[in-house]
Amino acid sequence: MRITIIGAGNSGLIHAAKLAENNFEVAILKTSDSGNVDFFNTIAKDSAYDVVDLTNHGKHFRAKMAFITRDVDRAIAFADIIFVMTTTLQHEHVAKTIAPYVRDSQIIVLVPGYMGSLIFKKFISKNVIYSEWETTAYNGRIVDNSFVRISFYNPRNAISVLPVSEADNVLKTLSTLFDNTRYLRRNILESAFHNPNMIVHPIGILFSAARIEYSKGEFWMYKEAFTDSVINVIKAFDVVKNQVLNAFGCDSLNYFDAAKWRNEENLNVDAMAVFKSFADSSNKGPSVINHRYLNEDVPMGLGLFISVGKVLGINTSIPESIMTLASALLCKDLRSQSRSIQRLLGKDTVTKEDIVDAICS
């Protein structure tokens, strides 16, 4: 199989490196003019970059790609599987950019998804299959525009597939790429609302805004932000989240149990102990309020969640309050920028049945 990774940021380069290390042919496509441009220009010359893998005893290796490019035609023609690892804010741009070059039978994987498959379906007429992930298989970052550091491995990675009739086939294929990718969610809605970023990123910044600004770069969100009272807010959000999931036949699962399931090999360990261990290994930041933790996860995640909750008649006052306060922090109307279910389906009035049809077929 040949894989093209769209996105030359942290996630894209990390996952491309792991695939190349396991002898897959991998290309990297950059579709924007922002973010890590200098590093991209450097690594594109040799189609390779250095990696330090802390999940494998600090192993150093040079990740060699088939090519690293801005040539959309070349990159999409190369691929059997296309991983879109940009921010979800870029989904429409990416969908429009690649649409003329996509061919039948390709698999397009959105990491993360937030039901972005429905955007790609609007612009891509070919017979392709979509998969959405709620989080990444690995975590890490580009260090000093010099090398890529892989710092965390998720032992379990659940995916969803659209159409759901292709779920088993796609899981079989993707599990050959990443050995932790062996689990299915029922549909892309379940994957979207199990995305941990939708909950912890906005809450973590919202309740730490003064600390972030005062510390001037010395803030460690996962270590500092989630005190007992802030955890109470997460738990209250979980109640509403599970009401929405239950309405679509999905099982209840709270944030911390879901985090344990993803992050910990031993499921007998206490969920809060797992969260603390993850926090201890996490990176510093964010250093500013105007960050993707609000700019992306509030309109793309919370906005979608609120709109679905309203279709069901469920009280979404907690996520709506978070959105209102986040908008005030940024002096932006994040609500008007939201990825609502109405916008995804192109309908002013949406029913539960409309949503079920969209996430299954």
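The values are calculated or read from the model by the stated rules, or taken from the named source; none is laboratory data. Worth saying up front: this structure is predicted, and the values here are computed from it rather than measured. Cβ coordinates were reconstructed from backbone atoms using ideal geometry, including for glycine residues, and neighbour counts include every protein chain displayed. Accessible surface is based on the protein model in full, side chains and every heavy atom, while ligands, DNA and RNA are left aside. Shrake-Rupley method; radii C 1.70, N 1.55, O 1.52, S 1.80 Å.
At a glance:
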read-out: Helices (runs of 4 or more DSSP H) within the stretch 257-328 that include 2 or more residues in contact (Cβ under 8 Å) with a residue 60 or more places away in the chain and buried (at least 20 other Cβ atoms within 10 Å of the Cβ); value: 292-295, 303-312
read-out: Matching residues, the stretch 12-52, being within 20 Å of residue 106 (Cβ to Cβ) and of a type in the set (S, T, N, Q); value: 31
read-out: Selection count where residues are closer than 22 Å to residue 181 by Cα and among the charged types (D, E, K, R), scope the stretch 262-283; value: 3
read-out: Test for residue 334: is it modelled with pLDDT of 95 or more, in a loop (DSSP other than H, G, I, E, B), open to solvent by less than 60 Å² (accessible area, probe 1.4 Å) and of a type in the set (A, V, I, L, M); value: yes
read-out: Test result for residue 223, over 22 Å from residue 111 (Cβ atoms), without any contact (Cβ under 8 Å) to a residue 24 or more places away in the chain and surrounded by fewer than 17 Cβ atoms within 10 Å (Cβ to Cβ); value: no
read-out: Residues of the stretch 9-23 classified as open to solvent by less than 10 Å² (accessible area, probe 1.4 Å) and assigned to a loop (DSSP other than H, G, I, E, B), total; value: 0
read-out: Filter result (in contact with a strand residue (DSSP E or B) (Cβ under 6 Å, 6 or more places away or on another chain) and either surrounded by 24 or more Cβ atoms within 10 Å (Cβ to Cβ) or over 15 Å from residue 4 (Cα atoms) (or both)) within the stretch 98-110; value: 108, 109, 110
read-out: Hits in the stretch 196-218 - residues which are modelled with pLDDT of 95 or more, open to solvent by less than 30 Å² (accessible area, probe 1.4 Å) and either outside any helix (DSSP H, G or I) or at positive phi (or both); value: 208
read-out: Exclusive hit being surrounded by fewer than 21 Cβ atoms within 10 Å (Cβ to Cβ), at negative phi, part of a strand (DSSP E or B) and not basic (Lys, Arg), set 26, 52; value: 52
read-out: Segments classed as strands (runs of 3 or more DSSP E), wholly inside the stretch 134-186, with at least 2 members that are open to solvent by 10 Å² or more (accessible area, probe 1.4 Å); value: 138-143, 147-153
read-out: The one condition in (1) modelled with pLDDT of 95 or more; (2) closer than 20 Å to residue 320 by Cβ; (3) surrounded by 16 or more Cβ atoms within 10 Å (Cβ to Cβ) that residue 243 fails to fulfil; value: (3)
read-out: Residue within the stretch 72-92 that is free of Cβ contacts under 8 Å to residues at least 40 places away in the same chain, hydrophobic (A, V, I, L, M, F, W, C) and out of contact with any Asp or Glu (no Cβ under 8 Å at 6 or more places or on another chain) present; value: yes
